[in-house]
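The values are calculated or read from the model by the stated rules, or taken from the named source; none is laboratory data. From a predicted model like this one, the values you see are computed outputs, not experimental measurements. Note that each Cβ is placed from the backbone with ideal geometry, even for glycine, and that neighbours are counted across all protein chains shown. With ligands, DNA and RNA removed, areas are computed over all heavy atoms of the protein, side chains included. Shrake-Rupley method; radii C 1.70, N 1.55, O 1.52, S 1.80 Å.
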Amino acid sequence: MEIEGRDFMNTPPLKTVRFGGNVVATLAKFKQDAQIINWLQEFRNCVTQLSKDHEQLIYVVLRLPWLGRSPAVVEEYLAFLSNLVSAQTVYLRACLKMVVSNFTPSEFLSVCVDILITQYDLPRNFDQCHQALQLIARYVPSTSRFLMPILTENFPFVQKSSRTLECYVHNLLRVAVYIPSLRRDVLELIISRMLKLDVSASRGEIEEVEENAVQQEMKGEQEEEGLFDMDEDVCSVKSSPAGTNVMVHPVAERLDTLMVVLLAFIKDMCHVNGCLDVEQTKDLYKDLVCVFDKLILPTHASCHVQYALFYLCSFRLALAEAFLEHLWRLLQSPSHPAVLRQSAAGYMGITPSVLLNIQNTVRACLDLLVPWLHLYIDSQDSGSRAYCDITLHGPFYNACQAVFYTLIFRHRSILEGDMKKGLAYLQGLNLERIVMCQLNPLKVCLPAVTNMFAAITRKYQLVFCYTIIERNSRHVLPVVRSSVGGDCVSTNTNPLDSFFPFDPYCSDADEDDFLRGETPETKGVMGMTPGSYESHLHSPSSVGSPPIAFLQRPF
C-alpha cells in the first residue's frame with residue numbers, strides 16, 4: 001500500500017464502483033410501465049423486511065410516478081401501499097402525505113429529473129388518490145387520527161389561485177364522504193380558511209373594484225383594443241367580461257369559487273335521487289352548527305360564509321326554526337360572553353330575511369325576541385343602569401336591531417293574506433314601549449335601519465319614532481378616538497359595528513321609497529338581497545342548484 005507522497009485532497013479514488021448499470025439506463029426505466037411493475041412486485045414481496053432502517057428507500061418508492069399511468073401500474077402501486085401499511089404501520093404518515101400532496105393540480109417532477117408531467121387527467125388522478133386513501137383506511141382503522149393533521153398542514157395558502165384552492169377543498173370534502181368521522185373537522189378547516197378570505201376584503205372594497213371594472217370595460221369598448229391591458233398578475237377586466245360569474249377582485253373570486261364547491265357538497269349530501277334525506281340533512285346541520293358556533297359566530301365582519309348554513313336551513317322549515325331556537329338559547333344565556341350573545345341577536349335578525357318568506361318563520365323569530373326585550377326593560381327601566389350604554393346593554397340593543405331588521409324586510413309576510421289580523425299581531429308586540437324606554441335603542445342602532453323602521457311603523461301607525469330620532473340627533477352622538485392617535489375624535493354613526501355581524505342591506509336613500517308608500521330596493525352582500533336570495537335558491541342556474549353534482553365535478 002503506497003501512502004508516502006500521496007496528496008489526499010487532490011487525488012481521486014483509484015477505482016470506480018458502479019451498481020446496476022449506468023444512470024441513463026436507470027432513468028430510462030422510469031418510463032417503462034413493465035419496469036415499475038417489476039420494482040413494485042419485488043418490494044411487495046419483501047415488505048416485511050422494510051423496517052425503519054430503510055425509510056429513505058421507501059420514500060423513493062412512494063415517489064414513483066404512478067398517477068396517470070396504465071391500470072396495471074396503478075393496481076400494482078395500490079397493492080404495494082396496502083401491503084406496506086399493513087406490515088409496517090410506521091410508514092402510514094408517509095403514505096398519507098404522498099396521497100394528500102396530489103390533491104392539487106401542479107406540475108411535478110418524478111425522481112428522474114428528465115420526466116416532467118405537465119398535462120394529466122385531473123379527475124382520473126383524483127379518483128386514484130381517493131382509491132388509495134380508502135384502501136389505507138380499510139387496512140389501518142386509525143387512519144383518520146393521523147390524516148386530519150396532514151390535511152391541515154397541506155392546505156394551500158389562501159392567496160393561491162382559485163383553481164388550486166377549489167381542487168383541494170373539493171378533495172377534502174370527498175374525504176369527508178367516505179370517512180364521515182372527519183366531516184366536522186374537514187368543514188371546520190375549510191370554513192376557517194374561507195373566513196380568512198371573507199374578512200380580508202370588505203364588501204365596500206369588493207364593490208368598488210367591480211364597479212371600476214365595469215366602467216373600464218365600457219370605456220374600453222370605445223377605445224382601441226389593448227389600450228387598457230393590465231399586468232398579468234392583476235385581474236384583467238378582459239378576464240371578467242360583463243355577464244360572466246367571474247369576480248374581478250381576486251379575493252372575491254377565490255371566495256365565490258369555494259362557496260360554490262361547499263354549497264354543491266351540502267346539496268348533494270342532503271339529497272338522494274333528488275329527494276331530501278331528512279336524517280342526513282339533520283346530521284350535516286349538526287356539524288355545520290358546531291362549526292358556526294366555534295368559528296363564524298365570533299368572527300367580526302364575516303359577510304358571506306354564513307350563507308352556507310342559511311342555504312342548508314332553506315331546505316326545510318324545521319331547520320330554520322331549529323337554528324332560530326339555537327340562536328335564541330345563545331342570546332338569553334348569561335353564561336356566554338356578551339359579544340357572542342350580541343352576535344347571536346344579529347343572526348336572529350338576519351335569518352328570517354334571507355331564508356324563507358314564510359309568515360310562521362318571521363313570527364317565530366319575533367315571538368322569541370320581543371317578549372325577551374320587554375322582560376329586559378322590566379328588569380332595567382327602574383334600576384340604576386336604566387340609561388343608554390352599549391357596554392351594559394349590548395345584547396339588548398342587538399336584539400332590538402334584529403327586531404327592526406326583521407320587520408323592515410319581512411313585515412309584508414305578516415300583513416299579506418289578512419291585513420287586519422296582521423296589524424293586530426304587530427300592535428300586540430307593543431313596539432312603542434321598546435322604542436320609548438329609557439335605554440333608547442333608536443340612538444344606538446344603525447341609522448339606516450332606524451330610519452327605515454321609522455318609515456314602516458309610521459306608515460302602519462304602529463309607532464311614531466321621529467320625535468325620538470330628532471331628539472337623539474340634538475344630543476352629542478357617541479364618539480370614538482381617532483385611529484391616528486392624539487386628542488382628535490370622530491363621530492361613530494355605528495356604535496354596534498363591533499357586534500352586529502352584518503352590514504345593512506339598505507341605504508339611507510331607501511327611506512324615501514317608504515315615505516312614498518313604495519317598496520324600497522335593497523342592496524345585498526355581493527349582489528345578494530333577502531328577496532333575490534330566495535329566488536336565487538330556486539333558479540336552475542343558481543349556486544343552489546349546481547348544474548354538476550359535487551362528486552362528478554370536472555376539473
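Here are the numbers for this structure:
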read-out: Residue, farthest from I469 (Cα to Cα), within segment 419-430, restricted to residues that are open to solvent by 10 Å² or more (accessible area, probe 1.4 Å) and of a type in the set (A, V, I, L, M); value: M419
read-out: Conditions (1) modelled with pLDDT under 95; (2) touching a helix residue (DSSP H, G or I) at 6+ places or on another chain (Cβ under 8 Å); (3) in a helix (DSSP H, G or I): number failed by V99; value: (1)
read-out: Any hit, segment 371-386, residues being closer than 16 Å to R410 by Cα and crowded, with 19+ Cβ neighbours inside 10 Å; value: no
read-out: Inter-residue pairs, beta-carbon under 8 Å, first on the phi > 0 side of the Ramachandran plot and in segment 342-371, second at pLDDT below 70 and surrounded by 19 or more Cβ atoms within 10 Å (Cβ to Cβ), 6+ apart; value: none
read-out: Boolean, Y397 is within 23 Å of L297 (Cβ to Cβ) and either among the hydroxyl-bearing types (S, T, Y) or in contact with a strand residue (DSSP E or B) (Cβ under 6 Å, 6 or more places away or on another chain) (or both); value: yes
read-out: Condition check for H170: within 18 Å of V74 (Cβ to Cβ) and either assigned to a helix (DSSP H, G or I) or among the aromatic types (F, W, Y) (or both); value: no
read-out: Selection status of E416, in contact with a helix residue (DSSP H, G or I) (Cβ under 8 Å, 6 or more places away or on another chain), of a type in the set (D, E, K, R) and in the same structural domain as E325 (by the TED database); value: yes
read-out: Pairs where the first residue, in segment 195-217, is under 21 Å from S302 (Cα atoms) and assigned to a helix (DSSP H, G or I) and the second is among the acidic types (D, E) and modelled with pLDDT under 80, C-beta under 7 Å, 6+ apart; value: R203/D503
read-out: Residue match in segment 160-171 (condition: of a type in the set (K, R) and over 25 Å from H249 (Cα atoms)); value: no
read-out: Helices (runs of 4 or more DSSP H) enclosed by segment 369-463 - at least 1 residues per element that are closer than 17 Å to A344 by Cα and not hydroxyl-bearing (S, T, Y); value: 390-415
read-out: Residue in segment 357-365 that is among the aliphatic types (A, V, I, L, M) and touching an Asp or Glu at 6+ places or on another chain (Cβ under 7 Å) present; value: yes
read-out: Options L109, L197, L147, L173; residue that is at pLDDT below 95 and open to solvent by less than 20 Å² (accessible area, probe 1.4 Å); value: L197
